[in-house]
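The values are calculated or read from the model by the stated rules, or taken from the named source; none is laboratory data. Given the structure is predicted, the values throughout are model-derived calculations rather than measurements. Please note: Cβ atoms are built from the backbone with ideal geometry, for glycine as well, and neighbour counts cover all protein chains shown.
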Amino acid sequence: MKTQRSAIVFAVCVLVLAACAPATAAPTAAAVATLPPPQATATFEPVQLKLGVLNFMSHAPLYIAHSAGLFAEQGLEVELVDFGSLNNELQVALLAGQVDVAGLSLGAATINAVLQGSNTKAVADKVFTDADAPCADSGFVVQPGTLASGALAERSGLKGMSISFSGGSVQQRHTDILLESAGLTYDDVEVVDIRDYASRVEALRSGTVDVAALTEPWTTRAIRDGIGEMWVSSADLTPDAAGAFVFFGPSMLEQDTEVGVRFITAYLNAVGLYNQGKTDENVRLLSEVTGLDAEELRQMCWPSFHPEGKINFDSVMEFQDWALAEGLIDGVVPIETLWDGRYIEEANARIGK
């Protein structure tokens with residue numbers, strides 16, 4: 001138990017130190033080049049921005065805002081910079097000013113960076129665990145046949161199994177809740193550290209792990225290909241909880257506030273389009289900019305977004321209380337330090353919400 005938890009804490013600390021280090025090189029990720037950047041309108045003086053994105057479906061509205069020309073409508077020439085599934089590398093780039101805006105998951109590294117004085121603010125909701133969603137976009141996926149066998153008819157059946165999740169994140173909190181509900185501890189399971197989601201799917205396929213925390217598009221890929229089946233969803237463990245935010249970094253916060261308001265206005269307009277569901281246009285836009293197959297996009301369980309971009313503050317404090325008790329963070333960040341609501345309030349007023 002101590003060995004596993006110490007390893008997780010150490011990994012989080014290393015990530016925080018990296019995030020606070022001065023920039024010495026350009027981001028290693030390549031700019032997304034599947035679509036030419038839309039032309040800005042003449043309404044605003046053009047502003048060039050770099051937006052760091054990940055290949056998760058939780059970034060879909062950011063992709064839509066770009067490919068549908070919604071950023072351009074606000075006079076923003078936005079370059080997408082792809083960091084694959086490397087959330088922590090994206091955080092480092094944001095703090096170093098190598099990207100201006102990023103969609104980041106709620107995690108211990110993010111909280112510790114703010115505690116250490118990093119100039120970054122959460123400015124909008126990016127995804128939440130929707131208890132009313134018709135399907136599960138994220139959660140714990142198990143090898144096929146496990147559920148039919150009755151091995152996990154009770155959560156206590158997890159004892160002796162191997163499990164993989166992202167340390168220092170909401171996934172680790174979900175794992176803690178899962179174990180506690182089963183009357184188990186980390187001593188009762190084998191934690192397998194696999195940070196790349198595609199590799200987790202392969203680990204399920206090969207039998208290296210019995211249970212893997214996945215999110216879209218990997219959830220659907222595992223289920224579609226007969227590699228796994230959903231056992232417990234994230235929404236079952238922490239219903240209606242904030243999972244990720246749109247963050248402004250130092251370079252964005254130093255801009256005129258008007259630039260940030262225009263960015264969030266475009267983003268909320270994109271959330272509005274996204275929330276229309278799997279329309280032909282949404283599928284086309286996402287397929288073109290992400291390279292995901294249209295049919296695969298239609299099969300996926302799309303994550304949920306609040307239309308007004310606001311977050312569940314109580315869930316953020318609950319995450320911090322848990323992370324502090326686990327020794328993953330150095331203190332609790334007040335909401336007013338983590339969150340800047342000016343942009344979302346003005347953007348909603350302009351949209352008429």
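Report whether or not residue 295 is assigned by TED's automatic domain parsing to the domain that holds residue 111, surrounded by 15 or more Cβ atoms within 10 Å (Cβ to Cβ), charged (D, E, K, R) and out of contact with any Asp or Glu (no Cβ under 9 Å at 6 or more places or on another chain).
no
Considering only region 224-249, how many residues are assigned to a helix (DSSP H, G or I) and at pLDDT below 95?
Qualifying residue count for the region: 1.
Suppose the filter is farther than 30 Å from residue 96 by Cα, at pLDDT 95 or above, surrounded by fewer than 24 Cβ atoms within 10 Å (Cβ to Cβ) and not acidic (Asp, Glu); does residue 152 pass it?
yes
Please count how many residues of region 158-181 are assigned to a helix (DSSP H, G or I), among the aliphatic types (A, V, I, L, M) and surrounded by fewer than 23 Cβ atoms within 10 Å (Cβ to Cβ).
2
For the condition more than 30 Å from residue 342 (Cβ to Cβ), modelled with pLDDT of 95 or more and in a helix (DSSP H, G or I), what is the one hit in 296, 281?
281
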